[in-house]
Amino acid sequence: MKLTLARKILNSHLVSGSLTPGEELTIRVDQTLTQDATGTMAYLQFEAMGSPRVVTELSVSYVDHNTLQDGFENADDHAYLQSVAAKYGIRFSRAGNGICHQVHLERFARPGRTLLGSDSHTPTAGGLGMIAIGVGGLDVAVAMAKGTFTLTAPRIIRVVLTGKLGPWVSAKDVILEMLRHLSTKGNVGNIVEYSGPGVKTLSVPERATITNMGAELGVTTSVFPSDRVTKKFLAAEGREDQWVELKADAGAKYDRTIQLDLAAVEPLVATPHSPGNVSRVADLAGTPVDQVCIGSCTNSSYADLMTVAAMLDGKTVSPGVSLVVAPGSRQVLQMIAESGGLQKLIAAGARIMECTCGFCIGNGQAPRTNATSLRTSNRNFEGRSGTASAKAYLVSPQTAAAAALSGVITDPRTLGAAPVVRSARKYVIDDRMIVAPPADGSKVEVLRGPNIGEPPKARALDASLAGVVAIKLGDKITTDHISPAGSRLKYRSNIPKYAEFVFEGVDKTFSSRAAAYRDKGLANVIVAGLSYGQGSSREHAAICPMFLGVRLLAAKSIERIHRSNLINFGIVPAVFANETDYDKLAAGDELEIADFRGAIERGTSLVLRDKTRGIDVPLKVDLLDKERAILLAGGMLNFARTGR
């Protein structure tokens with residue numbers, strides 16, 4: 001059988017199931033990663049399972065999200081994470097060492113391996129030939145305890161790259177072109193596999209930029225072949241012995257094929273408030289800019305920042321622009337310092353930030369009221385910058401630097417000859433900020449500050465549902481809408497507190513209203529439009545609603561990671577059998593499902609009775625066998641405790 005690259009890696013890790021699209025598939029997990037915004041809860045859940053030590057080949061805990069230590073909460077979580085890592089056999093990347101995806105690409109990603117990460121941009125490692133999938137923290141906890149992960153077997157989209165990128169055009173423009181072509185919705189259940197002669201013209205960091213923002217397409221993951229370019233990168237990182245050649249079999253069949261000529265790609269920009277709102281930079285030229293932020297896991301590599309440094313060399317940032325630069329890792333920071341790039345950035349007026357996620361998730365560098373902010377990050381959801389009225393645009397490092405100098409959106413192709421920055425032949429290798437666990441962690445004391453609670457307990461699915469429409473939402477509700485990031489993330493290990501902020505940017509009264517319904521014994525039901533749950537893998541967007549008594553989501557469509565998180569925490573993810581029925585329901589309507597548990601057990605449609613309006617609304621719940629069992633148990637923790 002001729003296999004695509006993605007199916008070849010999945011097949012080599014097959015535990016049970018079938019590669020047939022839509023079927024249940026369980027694979028062996030080689031590596032896991034967590035970051036501190038999701039990791040604390042993931043490790044609390046791992047502890048709740050009672051496993052003595054992780055069973056994976058490699059697990060790494062990164063601190064990169066919540067390094068603004070405003071109060072004791074973040075520092076306490078970091079102490080918990082370091083101690084729990086030592087106890088259970090997990091490597092710990094300390095605060096300041098870098099963003100998880102950048103560091104993992106540099107030091108741990110391996111061609112042909114599988115990686116599960118509690119961050120939606122885990123597919124970054126697909127640039128090195130891995131099957132790397134972003135999931136909720138509970139799925140990572142189960143993988144660390146049991147070594148497996150169950151998913152729906154994906155369809156494969158082949159993207160055939162030809163040609164070579166022109167001057168001033170970058171890998172960021174390639175993935176923005178993909179977003180322009182495929183959009184942010186309708187791609188659930190697919191893997192994007194890149195191939196063709198154009199692949200060899202892209203470095204591993206460039207490939208990683210493309211796979212990183214594949215998350216915005218909504219696909220399961222994205223992957224590049226492992227070739228001589230991959231080998232060169234691993235050799236520069238001192239890991240050449242880990243290289244293997246990987247490519248699709250000749251004649252492998254794909255579910256869809258897209259042709260993309262790299263030479264035809266031009267500078268692009270994602271306009272507010274979605275990564276899918278893609279326009280030509282040339283069409284927005286002249287738009288005044290207040291802030292430019294360069295960094296994030298998408299564009300903070302050595303080559304990215306040296307390109308910016310070359311553009312800023314001997315020049316000064318426009319007086320009306322605040323320029324922020326955040327290197328992706330300590331390795332990148334050391335190398336731009338040694339090569340003189342850091343001095344060029346500082347001399348031009350750039351503000352140098354920590355090697356963290358920072359501005360990307362709204363932790364610091366919030367722009368002024370009504371600002372226009374150009375960012376090299378991967379998401380520009382409304383309010384994500386930390387300023388509700390700001391407009392964030394997603395661009396390449398070249399377009400960002402051009403705007404920082406001119407004060408307006410500028411097509412970098414108008415600037416003359418483009419700087420030529422080549423990938424490093426040898427990277428600085430210094431792993432002292434990655435703490436290895438002891439061989440025996442049984443005597444390690446796990447440190448628990450006062451903000452660290454326990455995973456909330458869920459009950460098995462009820463025989464019937466009696467509830468109310470607690471809130472009705474529109475399209476493209478993101479996990480940031482549900483459980484806000486930024487300064488609120490410090491409560492991530494304190495679910496009762498974090499739950500107070502659910503939907504606070506949409507409806508400040510939701511939390512108290514939902515809690516009141518819950519305390520009366522009513523189930524809360526969320527009604528939503530298309531693409532509910534876009535964005536982060538943050539499972540708190542399911543945990544906190546579950547804590548508030550949400551038992552059912554009825555939406556037009558649900559994004560992959562969030563759907564899994566809902567199931568993991570005992571919330572039934574249903575879609576309207578007829579999308580027009582969405583219009584028939586209203587906030588406050590009394591609801592009933594007489595045969596709630598029975599319908600899930602049998603795999604039949606749910607019939608939602610709106611008692612207020614006297615109508616029946618059919619809902620579809622398509623579940624894998626394992627997902628059905630998890631829901632019936634009341635969530636993954638209850639299911640995992642059964643020993644299955």
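General remarks:
- The protection proxy used here, the mean number of other Cβ atoms lying within 10 Å of each residue, ranks peptides 123-136, 306-319 as follows, highest first: 123-136, 306-319.
- Using bins of 10 Å that start at zero, the share of Cα-Cα pairs per bin across segment 145-185 amounts to 19, 37, 23, 18, 4, in whole %.
- Extension gain from residue 313 to residue 69, taking 0.36 nm per residue of separation minus the Cα-Cα distance: 84.5 nm
- Counting every pair of alpha carbons in segment 402-457, the share spaced more than 19 Å apart comes to 72 percent.
- Protein heavy-atom surface of segment 237-360, 1.4 angstrom probe: 49% of the accessible area is carbon and sulfur, with nucleic acids and ligands not counted.
- Normalised by 2.2 N^0.38 Å, where N counts its residues, the alpha-carbon radius of gyration of the chain equals 0.92.
- Proximal lysines relative to residue 584, as straight alpha-carbon distance under 21 Å, when same-chain residues fewer than 8 apart are discounted: 472, 476, 556, 611, 620
- Sequence-separation-based contact order of the chain, relative, with Cα cut under 8 Å and 6+ spacing, percent: 15 percent
- Global form of segment 31-131, assessed from the alpha-carbon gyration tensor, a/c cut-off 1.5: oblate
- Amide N proximity, segment 559-595 versus residue 602 label position 7 Å along Cα-to-Cβ, cut-off under 20 Å: 572-578, 592-595
- Here the simple spin-label model places points 7 Å from the Cα toward Cβ, and for residue 338 and residue 264 these points are separated by 4.2 nm.
- For segment 1-138, the relative contact order is 26 percent, taking Cα pairs closer than 8 Å that sit 6 or more residues apart in sequence and dividing their mean separation by the residue count.
- Table column - 3J(HN,Hα) (Hz), segment 180-195, Karplus curve with 6.51, -1.76, 1.60, x for Gly and Pro: 5, 7, 9, 6, 8, 10, x, 10, 4, x, 10, 10, 9, 10, 8, 8
- The share of accessible area on segment 130-224 that comes from carbon and sulfur is 52 percent, using a 1.4 angstrom probe.
- Annotation: the antiparallel percentage among DSSP beta bridges lying fully within segment 474-613 is about 15.
- For residue 221, the residues 5 or more places off, or on other chains, whose built amide H falls under 5 Å of its own are 192.
- Dipole-positive endmost among 103, 197, 153 within the chain (Cβ charges, Cα centre): 197
- Per-pair calculated FRET efficiency, R0 = 30 Å: residue 79 and residue 509 via Cβ, rounded to 0.05: 0.25
- Residues residue 389 and residue 616, FRET efficiency given R0 of 45 Å [Cβ-Cβ distance, rounded to 0.05]: 0.60
- Paramagnetic label reach from residue 346 (point 7 Å along Cα→Cβ; backbone nitrogen cut-off under 20 Å): within segment 406-444, residues 428.
- Ordered by 1.4 Å accessible area with all protein chains kept, 393, 498 run largest first as 393, 498.
- Basic side chains Lys and Arg get +1 at the Cβ, acidic Asp and Glu get -1 at the Cβ, and with that the dipole of segment 1-135 about its Cα centre reaches some 780 debye.
- Segment 335-429: relative contact order as a whole-number percent, Cα under 8 Å and 6+ apart: 19 percent
- Counting all C-alpha pairs of segment 357-448, share separated by more than 15 Å (%): 73 percent
- Peptides 425-434, 622-631, 351-360 ranked from most to least packed give 351-360, 622-631, 425-434, packing being the mean of other C-beta atoms within 10 angstrom over each peptide's residues.
- Assuming charge only on the beta carbon of Lys and Arg (+1) and of Asp and Glu (-1), the dipole of segment 128-180 about its Cα centre is about 140 debye to the nearest 20.
- Counting only DSSP H runs of at least 4 residues, each contributing -39500 (n - 2.57), and dividing by the residue count of the chain, the helix-based mean residue ellipticity at 222 nm comes to -8000 deg cm²/dmol.
- Dipole axis of the chain (+1 Lys, Arg; -1 Asp, Glu on Cβ), positive-most option in 390, 366, 6: 6
- Summarising the label geometry, the points placed 7 Å from Cα in the beta-carbon direction at residue 162 and residue 15 lie 4.3 nm from one another.
- What the Cβ-Cβ distance of residue 520 and residue 249 gives, at R0 = 56 Å and to the nearest 0.05, is a FRET efficiency of 0.40.
- Peptides 442-451, 543-552, 323-332, 363-372 ordered by packing proxy, namely the average of other Cβ atoms within 10 Å per residue, highest first: 323-332, 543-552, 363-372, 442-451.
- Within a straight-line Cα-Cα reach of under 19 Å, residue 247 can be paired with the following lysines, leaving aside sequence neighbours fewer than 8 residues apart in one chain: 2, 8, 200, 231, 232.
- Percent of beta bridges antiparallel (DSSP, the chain, rounded to nearest 5): 35 percent
- Each Lys and Arg adds +1 at its Cβ and each Asp and Glu adds -1 at its Cβ; summed about the Cα centre, the chain shows a dipole of about 660 debye.
- Zone residues, segment 157-178, relative to residue 285, backbone N less than 15 Å from point 7 Å out along Cα-to-Cβ: 168-169
- Cross-link partners for residue 315 among the lysines, with Cα-Cα distance under 28 Å and sequence neighbours closer than 8 places in the same chain left out: 172, 344, 391.
- Neighbourhood charge, 12 Å Cβ-Cβ cut-off, centred on residue 151 and excluding it, Lys, Arg +1 and Asp, Glu -1: -1
- Each Lys or Arg adds one and each Asp or Glu subtracts one; over the other residues with Cβ under 10 Å from the Cβ of residue 327, this totals -1.
The values are calculated or read from the model by the stated rules, or taken from the named source; none is laboratory data. Computed from a prediction, not measured in an experiment: that's the story for all the values here. Positions of Cβ are backbone-derived with ideal geometry, glycine not excepted, and every protein chain shown enters the neighbour counts. Surface accessibility is based on the protein's heavy atoms, side chains included, excluding ligands, DNA and RNA. Shrake-Rupley method; radii C 1.70, N 1.55, O 1.52, S 1.80 Å.
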